[in-house]
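The values are calculated or read from the model by the stated rules, or taken from the named source; none is laboratory data. Being a predicted model, the structure only gives us computed values, none of them experimental. Neighbour counts run over all protein chains shown; Cβ positions are idealised from the backbone, glycine included. For the accessible areas, the whole protein counts, side chains as well, though only heavy atoms, and no ligand, DNA or RNA atoms are used. Shrake-Rupley method; radii C 1.70, N 1.55, O 1.52, S 1.80 Å.
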Amino acid sequence: MKEHIEELLSQSLHYLLRDGIIPPGQPPAIQLERTKSSEHGEFASNVAMVLAKQAGMPPRELAAAIIDRMPKSHQVAKMEIAGPGFINFFLQHITLTSVINEVLRKGDQFGGPLHRSGESITLEYVSANPTGPLHVGHGRGAAYGASLGNILHLAGYRVQREYYVNDNGRQMDILALSVWLRYLELCGEEVGFPENGYRGEYIYDIAHLVRGEYGDKWRFGSVEVADGLPPGPGAGGDGEIYIDALIARARELLAATGFAVFFKAALNSILGDIKEDLADFGVVYDLWFSEKALEDSGAVQRAIDRLRANGHLYVKDGATWFRASALGDEKDRVVIRENGRTTYFASDVAYFLSKLERGFQRAIYVLGADHHGYVARLRAAAQGFGEDPDRLEILLMQFAILYRNGEKAQMSTRSGQFVTLRELREEVGNDAARFFYIMRSHDQHLDFDLDLAKSRSNENPVYYIQYAHARICSVLRNLAQMDTRHNQAIGEAAMNLLTEEHELQLMRSLSRFPECIDSAARLRSPHLLAHYLHALATDLHAYYNAHQFLVDEENLRNARLNLILAARIVLGSGLKLLGVSAPEEM
RNA sequence: GCCCCGGUAGCUCAGUGGAUAGAGCAUCCGCCUCCUAAGCGGAAGGCCGCAGGUUCGAUUCCUGCCCGGGGCGCCA
């Protein structure tokens with residue numbers, strides 16, 4: 001509908017140009033927007049005001065000239081010049097009602113592509129290190145990424161959802177070490193546990209599993225383990241050096257095979273837990289991308305070679321550096337350490353390259369706000385590869401703060417005492433969690449009110465929307481109790497009977513859905529959909545209260561049923577996009 | 001020191017160049033013999049942080065300042 005009017009405007013401007021009323025040059029992009037109030041019609045354009053200066057005539061006069069040259073359309077009822085020079089478009093009633101048939105015909109495909117872009121996108125979200133269970137911070141990225149993926153898909157993009165599994169590197173070594181130390185503890189050895197190890201309870205669980213399978217096979221005496229180690233932080237030493245020495249000791253005593261046992265037990269257990277957690281949360285992926293596999297495939301080396309070939313690398317102090325500072329980053333970055341190992345950054349860069357090589361036009365990253373340092377260095381890497389850095393898009397999620405009884409329910413990862421995503425889901429339910437997480441713009445701090453999310457009352461926006469859906473289902477159940485059935489064809493033929501203001505309002509809202517999807521996709525803003533659904537539910541509730549749907553008159557009844565059925569479809573598919581259930585009764 | 005995000009109703013937030021700045025909660029007043037009152041209708045509530053600039057027009061864009069929140073200082 002919107003495109004149709006844009007086309008009319010564009011035609012008219014073309015004629016104005018031909019008639020010499022506006023000077024040649026490039027015409028401005030046509031701005032057509034929804035009106036805020038129906039007294040201004042459905043759509044309004046500001047072109048007359050924008051072009052008034054160039055045309056050398058007052059905006060209202062130019063508006064008249066534009067309307068004068070507008071091709072006739074059977075969809076537009078009338079046009080008006082209003083205010084300082086707006087052109088308001090009023091639609092024919094039949095144009096308004098046509099959205100109902102369209103929704104009924106398309107079902108959950110309604111809302112689909114406004115513009116056929118077909119851009120292929122790889123969307124990465126969560127990608128938490130498999131060193132522990134997901135916490136509530138990851139939950140926001142999960143809900144956001146999953147919803148955005150759904151919306152992009154409906155909006156006509158080709159989307160692949162990816163999780164980058166950091167199954168390589170020092171943090172994983174520390175994890176494996178932590179499991180082994182807990183295992184020794186279970187065997188009865190008294191070994192100290194480093195402060196910077198992973199201290200969560202789940203480490204014991206994994207240690208139990210290993211012991212169940214191998215018994216005391218990997219047991220070593222505490223003296224043997226601690227012999228000759230540098231001083232720990234308790235003895236005035238450096239914690240990092242100490243834990244690295246412990247890892248080296250573990251590798252030495254366990255040998256590659258033994259170390260791998262603990263490493264794999266930890267990885268499988270934790271990654272399995274993460275996958276299950278996300279799946280239960282309705283968060284899905286097309287690809288779990290292993291960093292280890294990336295390195296084993298030689299992709300990291302290839303990425304480094306490419307940067308070298310493009311002249312962006314140099315060697316200093318035995319390490320190989322990427323000259324990121326020349327490409328907009330604040331400083332240069334190490335890609336190969338002095339010890340010959342490649343850095344996390346090198347892997348990240350290789351992973352980005354892999355996304356491009358796999359044919360994606362754009363790579364979207366959903367990261368926590370604490371990763372904002374990544375933006376400049378990854379963009380630098382993109383340029384280092386000779387690629388357009390705009391193909392890389394990093395969306396930073398601001399933090400979510402939980403509130404309980406009006407006070408911060410704070411979490412601290414350090415102590416191992418944190419609120420996990422699973423705990424949150426169990427407390428407030430998946431529906432409320434998904435909705436509350438995406439209710440706010442991603443670049444906005446989120447105050448997550450646990451009490452509100454849990455409340456089964458009108459204060460809870462999730463129930464408000466779900467209730468609208470359930471009410472429609474309830475009407476249909478009542479209809480089933482009656483002698484009559486819904487007849488869609490009769491309803492379609494009687495669309496002219498839907499003249500109540502509440503009905504017009506509901507139709508207007510339904511026809512906005514594709515525009516909402518389009519904006520939410522382009523602006524990467526699922527929260528727009530949440531707000532839209534709330535507004536749609538408001539229209540439905542108001543209509544419900546003002547009018548009876550199951551009236552005796554057959555034509556009107558079926559027309560109204562068509563309308564609320566269309567509303568049910570949009571409410572249902574909108575909720576589904578957000579990962580929220582659409583119950584039939586509440 | 002540098003970087004990111006924000007400042008809009010009492011509270012939590014929408015609103016990325018337009019007309020009278022919106023919603024939820026909280027407050028006040030009404031509405032169930034009627035398809036679910038988890039609902040609806042109404043009232044009240046605002047120097048859109050401050051100061052400049054761009055524009056026919058600025059809450060929106062630019063600059064500076066003030067006030068919050070977070071991050072970084074060769075570790076990802």
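Some notes on this structure:
- For A:ASP167, residues with placed amide H under 5 Å, excluding near neighbours: A:GLU291, A:LYS292
- Rel. contact order, % - alpha carbon contacts under 8 angstrom, at least six apart, chain A: 16
- Cα-based reach from A:LYS264 at 30 Å (exclusive), listing lysines while leaving out same-chain residues under 8 positions away: A:LYS217, A:LYS275, A:LYS292, A:LYS355
- Length released on extending from A:ALA489 to A:SER38, taking residue separation times 0.36 nm less the Cα-Cα span: 159.5 nm
- The modelled label-to-label distance for the pair A:GLN481/A:ASP244, using points 7 Å beyond Cα in the direction of Cβ, is 7.4 nm.
- Projected label points at A:HIS445 and A:GLU80, each 7 Å from Cα along the beta carbon direction, are separated by 4.5 nanometres.
- Phi angles of the stretch A:497-510 translate, via the Karplus equation with coefficients 6.51, -1.76, 1.60 and θ = phi - 60°, into HN-Hα couplings of 7, 7, 10, 5, 4, 4, 6, 4, 4, 5, 5, 4, 5, 4 Hz per residue; Gly and Pro are given as x.
- Potential extension, A:GLN361-A:GLU330 segment - 0.36 nm per residue separation minus Cα distance: 8.5 nm
- The stretch between A:THR538 and A:GLU201, if pulled fully straight at 0.36 nm per residue, gains 116.7 nm over its current Cα-Cα span.
- Charged neighbours of A:PRO233, selected by a Cβ distance under 10 Å, balance to -3 (K, R count +1; D, E count -1).
- Calculated accessible area for chain A comes out at 46 Å² per residue, all protein chains present (probe 1.4 Å; ligands, DNA, RNA ignored).
- For A:HIS135, distant residues with modelled amide H under 5 Å away: A:LEU421
- Remark on A:VAL76: its backbone amide H falls under 5 Å from those of A:GLN92, a criterion applied only to residues 5 or more positions apart or on other chains, H modelled at 1.01 Å from N.
- Pairs from A:LYS2/A:LYS78; A:LYS106/A:LYS576; A:LYS36/A:LYS106; A:LYS2/A:LYS53 whose Cα-Cα separation, in the structure shown, is over 18 Å: A:LYS36/A:LYS106; A:LYS2/A:LYS53
- Sequence-distant lysines (8 or more away, or on other chains) whose Cα lies within less than 17 Å of A:LYS408: A:LYS454
- Of all DSSP beta bridges in chain A, antiparallel share, percent nearest 5: 50
- Inter-part distance where the stretch A:1-23 and the stretch A:212-257 are each reduced to a Cα centre, Å: 77
- Dipole magnitude of chain A, debye to nearest 20 (Cβ charges: Lys/Arg +1, Asp/Glu -1, about Cα centre): 1160
- Working note: Karplus 6.51/-1.76/1.60 with θ = phi - 60° gives the stretch A:306-323 the couplings 5, 5, 5, 4, 7, x, 9, 10, 8, 10, 8, 6, x, 9, 9, 10, 9, 6 Hz, where Gly and Pro are set to x.
- Ordering A:244-255, A:461-472 by mean Cβ neighbour count within 10 Å, with the highest value first, yields A:461-472, A:244-255.
- Ranked packing of A:569-581, A:478-490, most packed first, by mean Cβ within 10 Å: A:569-581, A:478-490
- Helical runs assigned H by DSSP (4 residues or longer) give chain A a calculated mean residue ellipticity at 222 nm of -17000 deg cm²/dmol, each run adding -39500 (n - 2.57) before division by the residue total.
- Reducing the stretch A:62-112 and the stretch A:424-452 to their Cα centroids gives an inter-centroid distance of 38 Å.
- For A:VAL136, net neighbour charge (Lys/Arg +1, Asp/Glu -1) across residues whose Cβ lies under 11 Å away: +1
- The distance from the alpha carbon centre of the stretch A:317-345 to that of the stretch A:133-171 is 28 Å, rounded to a whole number.
- From phi via Karplus (6.51, -1.76, 1.60), per-residue ³J(HN,Hα) for the stretch A:392-399 in Hz, x at Gly/Pro: 9, 9, 10, 9, 8, 8, 6, 6
- Of the solvent-accessible surface of chain A, computed with a 1.4 Å probe over protein heavy atoms with every protein chain present, carbon and sulfur atoms account for 48 percent.
- Only aspartates and glutamates eight or more places from A:LYS316 in sequence, or on another chain, were considered; those with a Cα closer than 12 Å are A:ASP332, A:GLU338.
- Folded to 0 to 90 degrees: helix A:554-577 orientation relative to chain A principal axis, Cα: 20
- Descending semi-axes in Å of chain A, equivalent ellipsoid built from Cα gyration tensor: 56, 33, 18
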